[in-house]
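Q: Before anything else, here's the structure in question.
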Amino acid sequence: MERERDARYRHVLDPILKDWLADGAESLREITRDDVRRAIATRKGTPARSIHIVLRNVFRALRQEGVTFRDPTRGLVFAGINKIPPSVPSDRLADVLSHAQNDFQRFVMVLVCVHALSGTDIRHLLLTDLDLSRERLIVRRPGKRHIIYLDELTYRCASANVTAAGQ
């Protein structure tokens, strides 16, 4: 297991270390936060995330062992993968919604299929986050709020769910 991890780390680190050596770095102690950012920026999506994770783990280990005194990855936050999920075709959405056993299930399915909410987003929703008069739903995420403006289908499912909850 460790050998596999070490091989993955070497695969990610080799090109970065070669670039840093070519730029004149003689020690990992010389690496700055900007160097790390530039290394991450060489890739997009999952490969960029892999670089971020590997560098974070390596510098954390070097600091714990006393090899370096600072961790240039500390506090760096990976912005995430900015890839918009594909929309669900209307015929497939109708098929998925036909399997819902009640209004609540239908509403959750619409939030996932139409608005691409994650399970974490859905678990943190409160009834007070739904504002039917303004036709919007506020999704609270760490450090920010995401507003979903309800389309006709989502509005119908949400209002049916609220009506069913009120009974």
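Q: Looking at (1) modelled with pLDDT under 90; (2) in a helix (DSSP H, G or I); (3) within 18 Å of the chain's Cα centre (by Cα), can you tell me which one Asn161 breaks?
A: (3)
Q: If you don't mind, another one. Need pairs with beta-carbon distance below 9 Å; first residue over 18 Å from Arg37 (Cα atoms) and open to solvent by 50 Å² or more (accessible area, probe 1.4 Å) and within the range 51-70, second not hydrophobic (A, V, I, L, M, F, W, C) and not in a helix (DSSP H, G or I); sequence gap 6+ or separate chains.
A: If the second residue must be not hydrophobic (A, V, I, L, M, F, W, C) and not in a helix (DSSP H, G or I), the pairs left are Arg63/Arg70; Arg63/Asp71; Arg63/Arg74.
Q: Can I ask one more? With the structure loaded, tell me whether Asp121 is among the charged types (D, E, K, R), open to solvent by less than 100 Å² (accessible area, probe 1.4 Å) and free of Cβ contacts under 8 Å to residues at least 60 places away in the same chain or whether it fails that test.
A: When the stated conditions are applied, Asp121 passes them.
Q: Looking at (1) under 30 Å from Ile148 (Cβ atoms); (2) at pLDDT 90 or above; (3) exposed (fewer than 10 other Cβ atoms within 10 Å of the Cβ); (4) among the charged types (D, E, K, R), can you tell me which one Lys83 breaks?
A: (2)
Q: Please specify each residue of the range 29-50 satisfying the condition of being part of a helix (DSSP H, G or I), open to solvent by 60 Å² or more (accessible area, probe 1.4 Å) and either touching a Pro at 6+ places or on another chain (Cβ under 7 Å) or over 16 Å from His11 (Cα atoms) (or both).
A: Answer for the range 29-50, where residues must be part of a helix (DSSP H, G or I), open to solvent by 60 Å² or more (accessible area, probe 1.4 Å) and either touching a Pro at 6+ places or on another chain (Cβ under 7 Å) or over 16 Å from His11 (Cα atoms) (or both): Arg29, Glu30, Arg33, Asp34, Arg37, Arg38, Ala41.
Q: Consider Leu17 carefully, then state whether it is open to solvent by less than 90 Å² (accessible area, probe 1.4 Å), over 30 Å from Val114 (Cβ atoms) and touching a residue at least 24 places away in the same chain (Cβ under 8 Å).
A: Spelling it out, it is not the case that Leu17 is open to solvent by less than 90 Å² (accessible area, probe 1.4 Å), over 30 Å from Val114 (Cβ atoms) and touching a residue at least 24 places away in the same chain (Cβ under 8 Å).
The values are calculated or read from the model by the stated rules, or taken from the named source; none is laboratory data. In this text the structure is predicted, and so the values were computed from the model without any measurement. Cβ coordinates were reconstructed from backbone atoms using ideal geometry, including for glycine residues, and neighbour counts include every protein chain displayed. The protein model used for the area step is the full one, side chains on, heavy atoms only, and it has no ligands, DNA or RNA in it. Shrake-Rupley method; radii C 1.70, N 1.55, O 1.52, S 1.80 Å.
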